[in-house]
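The values are calculated or read from the model by the stated rules, or taken from the named source; none is laboratory data. Just so it is clear, the model here is predicted, and its values are computed rather than measured. Neighbour counts are summed over all protein chains in view; Cβ atoms, including those assigned to glycine, are modelled from backbone coordinates with ideal geometry. Side chains are part of the model used for accessible areas, which takes the heavy atoms of the whole protein and leaves out ligands, DNA and RNA. Shrake-Rupley method; radii C 1.70, N 1.55, O 1.52, S 1.80 Å.
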Amino acid sequence: MTSSALANLANIRKLKAEPSSLREFEGLLRSAMDRAQDAQNVSLSLASRFTLAYDASHALALAALRAHGYRSEDRYLVFQCLTHTLNWPADQWRLLDFCHKKRNLAEYEGHLDVDDALVVELIVVVKLLQEQVPLLRERVI
């Protein structure tokens with residue numbers, strides 16, 4: 001994993017170097033796992049399932065960043081940093097970035113335009129995060 005890229009982002013003040021915390025890491029994982037499970041409940045509205053899956057993806061991506069000893073105040077950046085925290089190719093994290101833009105439209109303009117296919121695709125990516133992020137536990141102080 002390219003910690004030098006994360007250090008460079010900290011040098012330009014896009015990230016903040018901050019020691020990781022096992023308590024925080026575990027809390028982010030628990031939160032993400034609960035939300036990811038709830039996102040699969042097809043009796044919920046599509047909007048709720050999207051929000052739950054998005055929030056799970058963000059918590060997992062943030063946990064990955066925190067495991068490397070960094071924090072971001074920009075929600076979108078935790079997704080972009082998956083290239084450095086989990087060695088993800090751009091096409092994997094770009095879906096999360098796309099969903100972040102959809103989430104922002106919903107939050108700030110009251111317009112959520114998602115379909116079932118997007119929610120299913122997001123849940124697939126969340127499952128991948130659920131497999132990979134817990135493996136970073138050994139990095140956490």
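In vacuo Debye scattering of the range 40-128, one point per C-alpha: log10 I(q)/I(0) at q = 0.20 Å⁻¹? Here the Debye-derived log intensity ratios amount to -0.91. Accessible surface area normalised per residue over the range 8-141 is 54 Å², counting heavy atoms of protein chains with a 1.4 Å rolling probe.
Are there any GluC sites (Glu not before Pro) in the range 63-141 that are in a DSSP loop and have at most 11 other Cβ atoms within 10 Å? List them by number.
Working: sites: GLU73, GLU107, GLU109, GLU121, GLU131, GLU138; in loops: GLU73.
For GluC sites (Glu not before Pro) across the range 63-141 that sit outside H, G, I, E and B with at most 11 neighbouring Cβ atoms in 10 Å, the list reads GLU73.
Pairs of alpha carbons in the range 1-69 separated by more than 16 Å make up 55% of all such pairs. Proximity of backbone amide H atoms, modeled 1.01 Å from N, is registered between TYR70 and GLU18 at under 5 Å, excluding neighbours fewer than 5 places apart on the same chain.
Relative contact order, whole percent, for the range 47-141 stands at 41, derived from Cα pairs under 8 Å and 6 or more residues apart. Within the accessible surface of the chain, defined with a 1.4 Å probe on protein heavy atoms only, the carbon and sulfur portion equals 50 percent.
How far is it, in nm, from the label point at LYS127 to the one at ARG23 when both lie 7 Å from their Cα along the line to the Cβ? It is 3.5 nm.
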